[in-house]
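To start, the structure under review is shown below, and the notes come after it.
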There are 2 protein chains.
Amino acid sequence: MGTLRVPVVVPSPDQDCERLKKAFDGWGTDEAAIIWVLGHRNASQRRIIRDRYQQLYNESLIDSLYSELSGDYRKAVILWTQDPPERDAKLAKDELKTKKEGVKHLKVIVEIACASSPHHLMAVRQAYCSLFDCSLEEDIVSTVSPPLRKLLLGLVSSYRYDKELVDNMIAKSEAATLHEAIKTKQLDHDQVVWILSTRNVFQLRATFDYYKLHYGKPIDKDIMSCGKGDLESLLKMVIWCIHFPEKHFAEVIRDSIMGLGTDEDSLTRAIVTRAEIDTMKIRGEYNMMYNDSLDNAVTGDTSGDYRNFLMTLLGAKI
Amino acid sequence: MGTLRVPVVVPSPDQDCERLKKAFDGWGTDEAAIIWVLGHRNASQRRIIRDRYQQLYNESLIDSLYSELSGDYRKAVILWTQDPPERDAKLAKDELKTKKEGVKHLKVIVEIACASSPHHLMAVRQAYCSLFDCSLEEDIVSTVSPPLRKLLLGLVSSYRYDKELVDNMIAKSEAATLHEAIKTKQLDHDQVVWILSTRNVFQLRATFDYYKLHYGKPIDKDIMSCGKGDLESLLKMVIWCIHFPEKHFAEVIRDSIMGLGTDEDSLTRAIVTRAEIDTMKIRGEYNMMYNDSLDNAVTGDTSGDYRNFLMTLLGAKI
């Protein structure tokens, strides 16, 4: 469950657009009004507002937000206002463009492939082609090295069955296959890629549960005992995103505020992309994992309109 | 270009439904009326007729066709009347269910993955999940053996960029990669799978053209010189479906009528699935490849309403 609060009586899209237009007009910008409107509308309402704003004022709402706002606050509001598949396609492109070593920059792609619905993943692939004149898979092949490439390609190409259907015999036999691959350190074996990229998430969770029950340790722990390489880190991330997406995002938020300075991009991404999905669970998990409050963590590391906007998405009354 | 002929002035969906209902009513069935209506409507018109028929008579049009018609004619009309993604999902399931050895039964899946639009392939994967409670990929993993499995999985998972965009440097380097894989008989190398399953078809055609120009022989001929195994046959089929789908379907039709008896299922599939895409080209290619007329071949091997229906889809005036 997300933390986005949509009012019981929602103003008409025209009223919302007028309020936004008024917030942009004249000297300064009425930040509270922007947060009041956009911070309380779900994805389909925001889509209608975007379309209606364009019709009414012959201007793109995203462009207006870009010219009126600034800094991390601007990034967060625009990320929130964009069409979610387009937003994720752009996030994936940005990460692939960096051509960094390691797996940190592949986090977004794993989140899209393993912690989103199959339908959303398909929509992101379509948006990627429309925006960048090539497929997401082509960019992965040209920028990510093996063995990460193989696993990542399998994951982004998946279209998993999306209902809860579990076969315990499959859980048992595929837990054994995964265990054998871990034992023999063949983490990029075709079988591993096929299991992780074709099975539905409920089946995979049952397989991971069986693994823990039968082999004594959680599969992600066993994988990390193979080594601390990139493939191990990627696989651990994949398993968390499938098994406990709330743990993964709690960790993303924690990492973003720990140490010197704040990684605002990661903090924004975690809250914006999950506010309609599972921020309620992320809050609980954050508390369990770090014995600390998510809300305090966010308010402690952010300020001003940026803080107000993130806290609005986290359900606070600003 | 297809050979389907849609009249300039199309009757309303209600008129079409009435005509069909009348054709089913009373003793016998008015086959000519069914062919006259359904054999001259495109996919979106047929969808509207299906929906409207259900609303008007509280009966499924497909079920009515099933109970009124019989034999190969029934199979062909139903295949044509179904929603194309659903139709292809069912064809793929039927072929996978047979668990035959070899690659002949994988033809349908290669056609869907390599000779259809990326959008259609996605729709087939969605329809497959809805109809069969598992993903197409899961069924491929459980029924197709390696090394065919790996290639087939890559192909059905693809979502290729769908506009004409060719990079000659890529054509050159990937032709070299393919040539090296053929030379070393590593036809299921990851690189081969990635090239064939992530590149857009225009790019791949340029790569195959470059291959022929630079290495002296068409790539499919070079592959077949590696051996006559299943992987070679599958790859040749993949390359034809991408490079010359019209050649592939001309061959499917030829094979279906040669020898003792006729393989009506293949003949029907080739004509029904391509009548709105490229049957015009298939006709020309058939002529070139076999020095024979496609229309004569079809009329010579079929009869009655089945022949009339196929010939209607091939643009004949019945």
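The values are calculated or read from the model by the stated rules, or taken from the named source; none is laboratory data. Small disclaimer: the values here were computed from a predicted structure and weren't measured. Every residue, glycine among them, receives a Cβ derived from its backbone with ideal geometry; neighbour counts consider all protein chains shown.
Cβ separations smaller than 6 Å between residues 6+ apart or across chains give the following pairs from region B:23-37 residues that are closer than 17 Å to B:Ile49 by Cα and in contact (Cβ under 8 Å) with a residue 60 or more places away in the chain to residues that are hydroxyl-bearing (Ser, Thr, Tyr) and part of a helix (DSSP H, G or I): B:Ile35/B:Thr312. Of all residues in region A:173-202, those that are of a type outside the set (A, V, I, L, M) and free of Cβ contacts under 8 Å to residues at least 40 places away in the same chain total 12.
Among the small types (Gly, Ala, Ser), assigned to a helix (DSSP H, G or I), at pLDDT 95 or above and surrounded by fewer than 19 Cβ atoms within 10 Å (Cβ to Cβ), is that true of A:Ser197? Answer is no for this residue. For region A:7-39, filtered to residues that are β-branched (Val, Ile, Thr) and surrounded by 12 or more Cβ atoms within 10 Å (Cβ to Cβ), the residue that is farthest from A:Gly315 (Cα to Cα) is A:Thr29.
Can you tell me which residues in region B:56-96 are in a helix (DSSP H, G or I) and out of contact with any helix residue (DSSP H, G or I) (no Cβ under 9 Å at 6 or more places or on another chain)? Talk me through it step by step, then tell me what you get.
Of all residues in region B:56-96, those in a helix (DSSP H, G or I) come to B:56-57, B:61-68, B:71-81, B:84-96.
B:Asp63, the sole residue that qualifies.
Confirm whether B:Val141 is outside the structural domain of B:Asp230 (by TED's automatic domain parsing) and touching a residue at least 60 places away in the same chain (Cβ under 8 Å). Criteria not met by B:Val141. In region B:127-152, the qualifying residues are those that are within 7 Å of chain A (Cβ to nearest Cβ) and either within 20 Å of B:Ala89 (Cβ to Cβ) or β-branched (Val, Ile, Thr) (or both), and the one that is surrounded by the fewest Cβ atoms within 10 Å (Cβ to Cβ) is B:Asp133. For A:Ser158, the stated conditions hold: it is in contact with a Cys (Cβ under 9 Å, 6 or more places away or on another chain) and within 12 Å of chain B (Cβ to nearest Cβ). Restricting attention to region A:162-191 and to residues that are more than 12 Å from chain B (Cβ to nearest Cβ) and closer than 21 Å to A:Arg149 by Cα, the residue that is surrounded by the most Cβ atoms within 10 Å (Cβ to Cβ) turns out to be A:Leu178. Taken over region A:1-46, the criterion of being touching a Leu at 6+ places or on another chain (Cβ under 9 Å), in a helix (DSSP H, G or I) and of a type in the set (Lys, Arg) is satisfied by A:Lys21, A:Arg46.
Would you be able to tell me the number of residues in region A:260-307 that are among the aromatic types (Phe, Trp, Tyr) and crowded, with 19+ Cβ neighbours inside 10 Å? Summing the residues that are among the aromatic types (Phe, Trp, Tyr) and crowded, with 19+ Cβ neighbours inside 10 Å in region A:260-307 gives 2. Return yes or no: is B:Pro218 of a type outside the set (D, E, K, R) and over 30 Å from A:Asn200 (Cβ atoms)? For B:Pro218, the condition - of a type outside the set (D, E, K, R) and over 30 Å from A:Asn200 (Cβ atoms) - is met.
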